[in-house]
Amino acid sequence: AQSVAQPEDQVNVAEGNPLTVKCTYSVSGNPYLFWYVQYPNRGLQFLLKYITGDNLVKGSYGFEAEFNKSQTSFHLKKPSALVSDSALYFCAVRPPGGSASKIIFGSGTRLSIRP
Amino acid sequence: GAGVSQTPSNKVTEKGKYVELRCDPISGHTALYWYRQSLGQGPEFLIYFQGTGAADDSGLPNDRFFAVRPEGSVSTLKIQRTERGDSAVYLCASSPHGETQYFGPGTRLLVL
């Protein structure tokens, strides 16, 4: 079955430190991979995506993610965390094949940045 | 530019009632999606439209759920005979090419 796993329910980081939010996927073929962020009482906001090409993709607010095909991972990273980065982060995958198809989301990781 | 909008933002109804949730996609986006997000979980796919037709409705949980997009723009998600288990945030997204999906703020549905 196609799935996305975010093994950490919560990640706590001190402001100014690097952060990593983990994501692994189980999808055959070459999927599209996404990260979204959700702030309280707001909808999902697109951060970045991997379609093809360079394994390191850069997105909004200084976030980046590294695609690792052998480990089927797509971890979200930021070199220096800000308190304002505190939010709920979702990894998602669009299985290959077809067009405009659905996205499968992970269960989310709550990122908490302490001052 | 204007993003995806959803109305109402909150809906409280009684068990057994009928509800309609509306989504206005970003202008020009041909693909439209509905997801449901329960507390503490990631969004779960319900249905997606390409133009006016439902291209994939495999996520609709049962025949109480139905969605339309008659003119290829605005979409309405309809839930008949609501149950307490239908309580969730219903998210709509649209996409120009089927890659990145842009989400609206959601409708929070509470069935009492």
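One table, with the values for the structure above:
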| read-out | value |
| --- | --- |
| Note, ³J(HN,Hα) from phi for region A:85-94, Karplus 6.51, -1.76, 1.60, rounded to Hz, x at Gly and Pro | 6, 4, 4, 9, 10, 10, 8, 8, 9, 10 |
| 10 Å Cβ neighbours from other chains, averaged over peptide B:29-35 | 2 |
| Amide H contacts of B:Leu46 (H built 1.01 Å from N, under 5 Å, at least 5 apart or other chain) | B:Trp34, B:Tyr35, B:Arg36 |
| Table column - 3J(HN,Hα) (Hz), region B:63-72, Karplus curve with 6.51, -1.76, 1.60, x for Gly and Pro | 6, 6, 9, 8, 9, 9, 8, x, 10, x |
| More than 22 angstrom apart: percent of Cα pairs within the protein assembly as shown | 52 percent |
| Region B:60-112: projected area of the alpha-carbon convex hull, averaged over directions, in nm² | 4.5 nm² |
| Selection from B:Thr100, A:Ser80, B:Cys23 lying farthest towards where the dipole of the protein assembly as shown points positive, charges on Cβ | B:Cys23 |
| Accessible surface of A:Ser107 - all protein chains present, 1.4 Å probe, nearest 10 Å² | 60 Å² |
| For region B:24-98, convex hull of alpha carbons as volume per residue, Å³ | 88 Å³ |
| Positive-end extreme of charge dipole, chain A - chosen from A:Leu111, A:Ile51, A:Gln6 (charges on Cβ) | A:Ile51 |
| Table column - 3J(HN,Hα) (Hz), region A:23-39, Karplus curve with 6.51, -1.76, 1.60, x for Gly and Pro | 8, 10, 9, 10, 9, 6, x, 10, x, 8, 10, 9, 10, 10, 10, 10, 8 |
| Aspartates and glutamates whose Cα lies under 18 Å from that of A:Lys22, excluding same-chain neighbours fewer than 8 positions away | A:Glu8, A:Asp9, A:Glu64, A:Glu66, A:Asp85 |
| Translational D in µm²/s for chain A (Stokes-Einstein at 37 °C, 0.692 mPa s, Kirkwood Rh from C-alpha pairs) | 231 µm²/s |
| Those lysines that a straight Cα-Cα span of less than 27 Å connects to B:Lys78, excepting residues fewer than 8 apart in one chain | A:Lys102, B:Lys11, B:Lys15, B:Lys17 |
| A/B buried area, accessible surface, summed, 1.4 Å probe, Å² | 1600 Å² |
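The values are calculated or read from the model by the stated rules, or taken from the named source; none is laboratory data. Here the structure is a predicted model, which means the values were calculated and not measured. Positions of Cβ are backbone-derived with ideal geometry, glycine not excepted, and every protein chain shown enters the neighbour counts. SASA here: full protein model, heavy atoms, side chains in, ligands and nucleic acids out. Shrake-Rupley method; radii C 1.70, N 1.55, O 1.52, S 1.80 Å.
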